[in-house]
Amino acid sequence: MYEVTLIPGDGIGPEITESTRQVIEATGINIKWHMVNAGLNVYENTGVLVPNDLYESLSKNKVALKGPITTPIGSGFRSINVMLRKKYDLYANIRPVKYISGIHSPYKNVDLVIFRENTEGLYAGIEEKINDEQYKSIKIITKKASTRIIHSAFKYASDHNKEKVTVVHKANILKLSDGLFLNTAREISKEYPNIKLEEVIVDNMCMQLVINPSRFEVIVTMNLYGDILSDLCAGLVGGLGVVPGANMGDHMAIFEAVHGSAPDIAGKNIANPTALILSGSMMLDYLGEKEKAKSIVNAVNTVIGNGQWITADLGGTATTKEYTNAIIDLIK
Ligand code: NAD
């Protein structure tokens, strides 16, 4: 039996985590869920953002499925998502972006994986007031963090027979910090002679992705660029509702969708749970349950391909629950 921490989160989080839990259980896997919440909902009810129970559960289970958590904009508390990634050193944010047949999109051949550095960059959260009209933010890039995310990307490319890793940077302007990241990629690429290193400046990368995304296989980049490129890539394959993700460290993994808490559609039973369901499939794969992981992907592909039970973001009329049930029926 596996023990997994389940964090429902805010906004659409409780709806899509419930869908995902049901889909995972339909595979027949034996999981004991430790449900512990954190975030805005919890804060409003208890005055605590992250209860100790959550830290205890994560430290014990070392695997979690997490719904999105709301972060106030401009003021208020700092992101709990970022805090968890840093606290548990979940340095690799891995986001596979793959076109699912049936989704309306001009791009039918997208199949790439983004490796986003997850612990530093501008997300180090070092901001300072100089005076009322001047503030500064500091971007931290270290050799250690750059090395391990770039290694992860190359190892993935090597394990999956990919020919190329694309490093995305702005080292023409940020010569020292982005320069370090780029030079580290050049060094590490020498350990993988069969994999080509491609270097692309981030602004050009946005254009290249829109013109011809199918030419990319594995993308490795710093924290903020990875965040922005992930949403861009999600837009290529049908939107945020379909792109999963994993926050991986050496000793813990938290699986969550790329998207946020979508407060505009929360509580309406219309959110698309696909991104979190596919994150759940990544989790089963991580746990070594390859067949069960694949059965989820196959069911998602079939239901979306069929088109009868798809949610509004993909042009359908099905509710979150109807879509979830269609997947569960296929798995069973
Ligand atoms: P968002 O991803 O929540 O939503 C952007 C748009 O995409 C919205 O129109 C939303 O309705 C739509 N959308 C997102 N997920 C969807 C789904 N599953 N099905 C259908 N439509 C979906 O981004 P935002 O509005 O910028 O952020 C809202 C909150 O989420 C903010 O507080 C932000 O900080 C937080 N956030 C959390 C995480 C996380 O927990 N990892 C990630 C990103 C944003």
THR142, THR166 arranged by Cβ crowding within 10 Å, fewest neighbours leading: THR142, THR166
Table column - 3J(HN,Hα) (Hz), segment 254-263, Karplus curve with 6.51, -1.76, 1.60, x for Gly and Pro: 10, 9, 7, 6, 5, 6, x, 7, 6, x
Rounded to 5, the percent of DSSP beta bridges in the chain classed as antiparallel: 40 percent
Tensor-based shape of segment 106-236 (alpha-carbon gyration tensor, a/c under 1.5 rounded, otherwise prolate or oblate): oblate
20 Å cut-off, amide nitrogen to a point 7 angstrom out along GLU291 Cα→Cβ, residues in segment 18-62: 23-32
Dipole magnitude of the chain, debye to nearest 20 (Cβ charges: Lys/Arg +1, Asp/Glu -1, about Cα centre): 700 debye
Computed helical MRE - 222 nm, the chain, DSSP H runs ≥ 4 contributing -39500 (n - 2.57), nearest 500: -12500 deg cm²/dmol
R0 of 35 Å, Cβ-Cβ distance TYR135-MET207: FRET efficiency to nearest 0.05: 0.70
Listed residue pairs exceeding 28 Å between alpha carbons, taken from LYS60/LYS162; LYS98/LYS175; LYS62/LYS170; LYS87/LYS332; LYS136/LYS170; LYS62/LYS155: LYS60/LYS162; LYS98/LYS175; LYS62/LYS170; LYS87/LYS332
Cα-centred dipole magnitude for segment 189-241, charges only on beta-carbon of K, R (+1) and D, E (-1), debye, nearest 20: 160 debye
Estimated FRET transfer efficiency when R0 is 25 angstrom, pair GLU163-ASP89 (beta carbons, to 0.05): 0.25
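Determine, for each peptide in 125-131, 255-261, 283-289, the mean count of other beta carbons within 10 angstrom over its residues, then list the peptides with the highest first. The partial results should precede the final answer.
Details: 125-131: 9.7, 255-261: 24.9, 283-289: 18.0.
For the peptides 125-131, 255-261, 283-289, the packing ranking is 255-261, 283-289, 125-131.
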Of LEU182, SER279, ILE94, farthest towards positive along the dipole that unit charges on Lys, Arg, Asp, Glu beta carbons give the chain: LEU182
Most fluctuating residue given options TYR107, TYR123, TYR135, as computed from a GNM of the chain linking Cα atoms under 10 Å: TYR135
Extreme residue, positive dipole direction of the chain, given options ALA312, VAL165, HIS34 (C-beta unit charges): VAL165
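Only the coordinates and a few stated rules stand behind these numbers; no lab work does. For clarity, every value in this text was computed on a predicted model and none was experimentally measured. Quick reminder, even Gly has a Cβ in these numbers, built from the backbone with ideal geometry, and neighbours come from all protein chains shown.
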